[in-house]
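Below is one structure, written out as structure tokens; comments come after it.
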Amino acid sequence: MREYIFSILEDQSGFSFEEVTANILASALIGLFIFISYYISHRETIYSKKFNVSLVVLTVLTSTVMTVIGNNIALSLGMVGALSIVRFRTVVKDTRDTVYIFWTIVAGICCGVGDFKVAVVGSGVVFLILLFFGGIKSDRRMLLIIRGGRNMEGPVQSLVFRFFERKAVMRVKNTTEDSIEFIFEVSDRVLRKAEKNNSGICDALYALGNIEYANLVMQNDEISS
């Protein structure tokens, strides 16, 4: 009975039972390697444990699909047709997440066809690249939101551009008959440099008078470290 089951597995996929087991286990090990890489590269950003676990599962599933397909062209075309109706609507907030998804698929394909050397070497190189460039932090952007009296339009713009040496970019200017609101964009590096040589920008704005509020908010439309 055991030999019969093994013969069925071998006839369908072109791989022996031992080879199928090796492919799946190898994909699981590389998936764990990807899990560790994702955890390290996202330690100081928004880390999603669920997404990280999904990467391991995706690696194993891709390897399983490739093992099933084997060298069967008809089966591969049928599998492509079946998978084409599946739509993924997961919002990728970090561009690196797309890299990790593609990494798991490629690693799963390599393990599924039994090419372990390519999977190991490729994964190692990708890990080193992500580890190296993951330590380079992007210059975060800050939003300076100011609201004051309508007569403060000129003084506020003059102070902000002078304070940041014209490196602040005005994104929004809303006005009413009695008030005005500004939103300036400035990098975190420029902000630290300006406040190192002067008092805080909020203190400088309130010193003008007739300022309702001045807020600094980190711009997080793109999550990246």
Q: Give region 189-220 a look and list any residue that's touching a helix residue (DSSP H, G or I) at 6+ places or on another chain (Cβ under 8 Å), of a type in the set (A, V, I, L, M) and not in a strand (DSSP E or B), or say none.
A: Leu191, Ala194, Ile201, Ala204, Leu205, Leu208
(Q) Checking Val113 against (1) crowded, with 17+ Cβ neighbours inside 10 Å; (2) within 27 Å of the chain's Cα centre (by Cα); (3) assigned by TED's automatic domain parsing to the domain that holds Ile36: exactly one of these is not met. Which one? (A) (2)
Q: Quickly run through region 195-225 and pick out the residues that are over 16 Å from Phe164 (Cβ atoms), of a type in the set (Gly, Ala, Ser) and modelled with pLDDT under 85.
A: Ser224, Ser225
Q. Consider Glu195 against the criteria (1) out of contact with any strand residue (DSSP E or B) (no Cβ under 9 Å at 6 or more places or on another chain); (2) under 13 Å from Ile146 (Cβ atoms): it satisfies all of them except one. Which criterion is unmet?
A. (2)
(Q) Tell me yes or no: at least one residue of region 47-64 is modelled with pLDDT under 75 and either closer than 15 Å to Ile105 by Cβ or in the same structural domain as Phe127 (by TED's automatic domain parsing) (or both). (A) yes
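The values are calculated or read from the model by the stated rules, or taken from the named source; none is laboratory data. Computed from a predicted model, the values in this text were never measured in an experiment. All Cβ positions, glycine included, derive from the backbone under ideal geometry; neighbour counts span all protein chains shown.
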